[in-house]
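The values are calculated or read from the model by the stated rules, or taken from the named source; none is laboratory data. Note that the coordinates shown come from a computational prediction; the quantities given were computed from them, not determined experimentally. Here the Cβ positions follow ideal geometry from the backbone for every residue, glycine too, while neighbour counts run over all protein chains shown.
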Amino acid sequence: MRSLATLVAALAFALDFALAPPVAAADLRIALAADVTSMDPHFVNLQPNNLVAWHVFDALTRLDDNARLVPGLAESWKAIDATTWEFKLKHGVKFHDGSELTAEDVVYSLDRPATIVNSPGSFVPFTRPLVAKQVVDRYTVRLKTAGPYAMVPYDLNSVFIVSKRAASGVKPEEFNQGKGVIGTGPYYFVAFKRGDRVELARHEQYAGPRPAWDKVTLRIMTNDPARMAALLAGDVDAIEQVPTADLAKLRGNANFQVAQKVSWRTIFLHLDQFRDRVPGVTDKSGRPLDRNPFKDVRVRKAISMAVNRPGIVERVMEGAAVPASNLVAPSVFGHASALKPEPFDADGAKKLLAEAGFPSGFSAVLNAPSNRYVNDERLAQALAQMLTRAGITMRVETAPANVYFVKARNQEFAVAMLGWGSLAGDLALRSLAATFDAEKGFGTWNWGRYTNPRVDRLVTQSLATLDEGKREAIAREAMTVAMQDYAVIPLHHQMTSWAMRKGLAYTARTDELTLAYQFRAP
Amino acid sequence: MLVYLIRRATQSVVVLLVMSALVFVGVYAIGNPVDILINPNADQADIERAIKGLGLDKPLWEQYLVFLKQALLGDLGKSFVFNVPALQLILERMPATLELAVTAMLIAIVFGIPLGLWAGLKPDSIAGQTIMTVSILGFSLPTFWVGLMLIMVFSVDLGWLPSSGRGPTQELLGVPVSFLSWDGIKHLIMPATNLALFNLALVIRLTRAGTREALVQDYVKFARAKGLSDARVIGVHVLKNISIPIVTVTGLQFGTLIAFAIVTETIFAWPGMGKLLIDSIHVLDRPVIVAYLLIIVTFFIVINLLVDLAYSLLDPRVRLADAKA
């Protein structure tokens, strides 16, 4: 094998490798960590697809690097009454075909997701609350909701605005050839080679800050070591989602830079709080328990105390996380900063368990996905050891995400790991801690079926409060109530990182998006 | 011959039917892509609408019958996440995988047979011993590790070869290929070598074993006694007799290379169809999984048939009508 490799290498050397065309200085090549499936920005709500769409398209509202809402195509918005939102568009925004963005395009774009019926992950949840859309004038749109609903400007951050003229009559699959891919973003579409790359070029009439790069190539490299190697070999200029194990090495290498930030993804444990007899929960001798220990807040608190969060951050996450006390990251709307991460106290946990009637602890199964979150399997193993030390013998069971999520939604787990990224604390609580109600869309990911009328009331009230200041106060209160009741056990907020060659800079983003136009050359 | 081909074709159809039914039931047992991809804020109505939109609300047998009916018309369904016909999705990635697999197979044969012959003819020489020792490495080192090492050495440290991806493509008889340009070949060298290693070792060992066995056979002694040159004895008589196991194994291995180039494709970010299968399994994109496996099964059937036909050319004693599929 070695002889062959040497031969091949000699061959490559003998033939002149300098023939390869040099890369122009103003091109940027970025390796993405996940596959892009479609060029239609309304087909399926997947992060890699949205990432590409943020280059070509824009939305009415945007997120800044702290995941706070800022104006996008809309220069301003306000609630003119309890159920009507008015958005004022910026003037003179040009599509790639030279036509001007108008209110007609906005209404068309908000109607379009509902016309795509065969999507496994539709954008309809963002547009469904809008029961009526009205064009007031060329630059003004009014959107009506059935009841007071504060999330409208946030939801519209997820709906890309396409050109009505260009996209009308174009099928979602035709977008992949570039048909209808006409947006107002800083880059226009050049080519999409499925499973390989997306090529973009600068839109010279873009109204915002002029990006530094003429051409951008987004290469799809899902394998972590391969992505790293491509950066080290100089085949790409930057990569996203740097493997945690490689961070230290990169930091020590003067040829590369790392940008890192706490992301909005929070990792936590759901505990079964609705069944009287929980599957897999037994006493130490293996007999099923006759009551559900997780219904007792003292047991939930004991679990939280038994977790050594700084230890996890340092050892399992290799520094690429921060201990969590909330369901949303510190910079996100509705984060209750008065809450502090639970201090590690194994003895205290044992005492609490004894108080709750489990002096010798009990046994349970800890379920986790095996390929979804950063180091998720190792995290589950570390947690199981910590809990076992405090008296709760935990057996770890992991499964690939496709199997795991289906089982979790069928309530097959007693203790289950989940990660969540959200734009707002009240929104996260609605999905994760509000009482399950399929019709209202409350508690849809509340696997443990935690229920607390006070949390429900506060979340409902918060989502209906159109004044952002008042709303955030209520959202914080709801978060505090839920966390002090240990609705779930927060573990840590993941950090997300980018690595790039020397001479590039990137402002790390809480929303984990990799945006070529925000890479800067010095 | 004709009867033989007809019988083989019938068997193939049965295999394809069983295969598609198994995959259908298997994927159904795990779940559906809506569970994985649905928006976190979706309510029950959204989820039901999505399931209905993909036709997943119907009973399984009905979904399968619809699939069969469409399949007979040449339509294997539309990918759930790519929203393009599954067949198109696979076919557009197939040239990349075929290019990689064919190159790997060529490397294995072009280097493997001479090296194996050498080792077989001079088993006690240093060269022969070295070849065999190195071939053990080819067997035992895991593909992903060798791939990463190749990248580390030739791309990161030496900077001779691009670390990943496929070079620029040109149309050859309507098929996009990348081996026509130097840049394309540079991209191809490492992944093809990586994929070839196992088979290279296999071909070396098969050739060596066959050669050693053949050398003591009567026909070789007879040919030598007749005064034939070494080149003719080995190049014609020995080589022809040892090629049956080599053809069988390389034939089957070629199918495996195509179907399971996944590891190499992933490490080298090669946009082939192996990667597509893994991604599709992650999100339970059933049309793609079914279509992919059907195509692979068809591949294996065709390759096996070709191997059988090759037997009859190599060994006149083999009668196709007797060969069972």
| field | Residue in segment B:53-63 that is in a loop (DSSP other than H, G, I, E, B), within 14 Å of chain A (Cβ to nearest Cβ) and touching a residue at least 40 places away in the same chain (Cβ under 8 Å) present | value | no
Residue hits (segment B:138-170; facing chain A (nearest Cβ under 7 Å), more than 17 Å from B:VAL203 (Cβ to Cβ), of a type in the set (Gly, Ala, Ser) and assigned to a helix (DSSP H, G or I)) are B:SER155
Considering segment A:260-273, residues that are touching a Leu at 6+ places or on another chain (Cβ under 7 Å) and of a type in the set (Val, Ile, Thr), and then whichever is farthest from the other protein chains (Cβ to nearest Cβ), we arrive at A:ILE267
Report task. Determine whether segment A:131-151 contains at least one residue that is polar (S, T, N, Q) and buried (at least 23 other Cβ atoms within 10 Å of the Cβ). Result -> no
A:LEU73 passes all but one of the listed conditions (1) out of contact with any Lys or Arg (no Cβ under 8 Å at 6 or more places or on another chain); (2) within 20 Å of A:GLY208 (Cβ to Cβ); the exception is number (1)
So the helices (runs of 4 or more DSSP H) completely within segment A:389-480 holding 3 or more residues that are among the polar types (S, T, N, Q) are A:453-463
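Being in a helix (DSSP H, G or I) and more than 15 Å from B:PRO162 (Cβ to Cβ) is the filter here, so list the residues in segment A:216-227 that pass it.
Residues of segment A:216-227 that are in a helix (DSSP H, G or I), as a first pass: A:224-227.
A:ASP224, A:PRO225 - these are the residues of segment A:216-227 that are in a helix (DSSP H, G or I) and more than 15 Å from B:PRO162 (Cβ to Cβ).
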Look at A:ARG287 and say whether it is modelled with pLDDT under 90, out of contact with any strand residue (DSSP E or B) (no Cβ under 9 Å at 6 or more places or on another chain), away from chain B (no Cβ under 13 Å) and surrounded by fewer than 22 Cβ atoms within 10 Å (Cβ to Cβ).
yes
Over segment B:38-50, the set of residues more than 8 Å from every other protein chain (Cβ to nearest Cβ) and either surrounded by 18 or more Cβ atoms within 10 Å (Cβ to Cβ) or at positive phi (or both) is B:ILE47
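Taking segment A:24-83 as the region of interest, how many residues are of a type in the set (Lys, Arg), more than 14 Å from chain B (Cβ to nearest Cβ) and in contact (Cβ under 8 Å) with a residue 40 or more places away in the chain? Walk me through how you get there before you give the answer.
Applying the first criterion (of a type in the set (Lys, Arg)) to segment A:24-83 yields A:29, A:62, A:68, A:78.
Add one more test, that the residue is more than 14 Å from chain B (Cβ to nearest Cβ), and what stays is A:62, A:68, A:78.
The next check asks that each one be in contact (Cβ under 8 Å) with a residue 40 or more places away in the chain; those that pass are A:62, A:68.
So the answer is 2.
State all residues of segment B:179-205 that are assigned to a loop (DSSP other than H, G, I, E, B) and more than 22 Å from B:PHE111 (Cα to Cα); if no residue qualifies, say none. Explain how you work it out, then say what you get.
Taking segment B:179-205 and keeping what is assigned to a loop (DSSP other than H, G, I, E, B), we get B:179-181.
Correct list: B:SER181 only.
What number of residues within segment A:233-250 satisfy the criterion of being in contact (Cβ under 8 Å) with a residue 12 or more places away in the chain and either in a helix (DSSP H, G or I) or facing chain B (nearest Cβ under 9 Å) (or both)?
Just the residues of segment A:233-250 that are in contact (Cβ under 8 Å) with a residue 12 or more places away in the chain, to begin with: A:234-248, A:250.
If we keep only those that are either in a helix (DSSP H, G or I) or facing chain B (nearest Cβ under 9 Å) (or both) too, we end up with A:234-236, A:244-248, A:250.
So the count comes out to 9.
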The condition from (1) away from chain B (no Cβ under 14 Å); (2) touching a helix residue (DSSP H, G or I) at 6+ places or on another chain (Cβ under 7 Å); (3) not in a loop (DSSP other than H, G, I, E, B) that A:ASP97 misses is numbered (3)
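Look at A:VAL488 and say whether it is within 14 Å of chain B (Cβ to nearest Cβ), of a type in the set (Val, Ile, Thr) and within 22 Å of the chain's Cα centre (by Cα).
Working: within 14 Å of chain B (Cβ to nearest Cβ): no; of a type in the set (Val, Ile, Thr): yes; within 22 Å of the chain's Cα centre (by Cα): yes.
In short, no.
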Quick count over segment A:244-259, residues being touching a Leu at 6+ places or on another chain (Cβ under 8 Å) and among the β-branched types (Val, Ile, Thr), is 1
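This table checks each residue for (1) among the acidic types (Asp, Glu); (2) more than 27 Å from the chain's Cα centre (by Cα); (3) surrounded by 24 or more Cβ atoms within 10 Å (Cβ to Cβ).
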{"residue": "A:GLU204", "(1), (2), (3)": "yes, yes, no"}
{"residue": "A:GLY208", "(1), (2), (3)": "no, no, no"}
{"residue": "A:THR217", "(1), (2), (3)": "no, no, no"}
{"residue": "A:ALA229", "(1), (2), (3)": "no, no, yes"}
{"residue": "A:PHE256", "(1), (2), (3)": "no, no, no"}
{"residue": "A:GLN260", "(1), (2), (3)": "no, no, no"}
{"residue": "A:ASN292", "(1), (2), (3)": "no, yes, no"}
Of (1) modelled with pLDDT under 85; (2) crowded, with 18+ Cβ neighbours inside 10 Å; (3) assigned to a loop (DSSP other than H, G, I, E, B), B:ASP124 satisfies every one except (2)
Of a type in the set (Phe, Trp, Tyr) and outside any loop (DSSP other than H, G, I, E, B), is that true of A:TYR206? no
Per the filter on segment A:166-189, residues crowded, with 16+ Cβ neighbours inside 10 Å, more than 14 Å from every other protein chain (Cβ to nearest Cβ) and free of Cβ contacts under 8 Å to residues at least 60 places away in the same chain are A:ALA167
B:GLU99 meets each of (1) among the acidic types (Asp, Glu); (2) touching a residue at least 24 places away in the same chain (Cβ under 8 Å); (3) outside any helix (DSSP H, G or I) with one exception, condition (3)
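Facing another protein chain (nearest Cβ under 9 Å) and closer than 18 Å to B:ARG212 by Cβ, is that true of B:SER135?
Yes.
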Filtering segment B:254-286 down to residues that are facing chain A (nearest Cβ under 8 Å), of a type in the set (Val, Ile, Thr) and within 20 Å of B:ALA104 (Cα to Cα) yields B:THR266, B:ILE267
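For B:LEU106, indicate whether it is part of a helix (DSSP H, G or I) and either crowded, with 20+ Cβ neighbours inside 10 Å or out of contact with any helix residue (DSSP H, G or I) (no Cβ under 9 Å at 6 or more places or on another chain) (or both). Reasoning before the result, please.
Values: part of a helix (DSSP H, G or I): yes; either crowded, with 20+ Cβ neighbours inside 10 Å or out of contact with any helix residue (DSSP H, G or I) (no Cβ under 9 Å at 6 or more places or on another chain) (or both): no.
It is false that B:LEU106 is part of a helix (DSSP H, G or I) and either crowded, with 20+ Cβ neighbours inside 10 Å or out of contact with any helix residue (DSSP H, G or I) (no Cβ under 9 Å at 6 or more places or on another chain) (or both).
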Being modelled with pLDDT of 90 or more, surrounded by fewer than 18 Cβ atoms within 10 Å (Cβ to Cβ) and more than 15 Å from A:VAL141 (Cβ to Cβ) narrows A:ASP111, A:ASP27, A:ASP16 down to just A:ASP27
- Task: Would you be able to say whether some residue in segment A:369-391 is more than 26 Å from A:THR510 (Cβ to Cβ) and without any contact (Cβ under 8 Å) to a residue 12 or more places away in the chain?
- Result: yes
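Out of segment A:427-452, which residues are free of Cβ contacts under 8 Å to residues at least 60 places away in the same chain and either among the charged types (D, E, K, R) or at the interface with another protein chain (Cβ under 8 Å from one of its Cβ atoms) (or both)? Spell out how you get there, then give the answer.
Our first condition is that a residue be free of Cβ contacts under 8 Å to residues at least 60 places away in the same chain; within segment A:427-452, this holds for A:430-431, A:434-440, A:442-445, A:452.
Selection gives A:ARG430, A:SER431, A:ASP437, A:ALA438, A:GLU439, A:LYS440, A:THR444, A:TRP445.
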Restricting attention to segment A:309-332, the residues that are closer than 19 Å to A:VAL488 by Cα and either part of a strand (DSSP E or B) or of a type in the set (Gly, Ala, Ser) (or both) number exactly 6
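Each row is one residue, and each column tells you yes or no for (1) farther than 29 Å from A:PHE175 by Cβ; (2) of a type outside the set (Ser, Thr, Tyr); (3) more than 12 Å from chain A (Cβ to nearest Cβ).
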| position | (1), (2), (3) |
| --- | --- |
| B:LEU2 | yes, yes, yes |
| B:PHE24 | yes, yes, yes |
| B:ALA29 | yes, yes, no |
| B:PHE82 | no, yes, no |
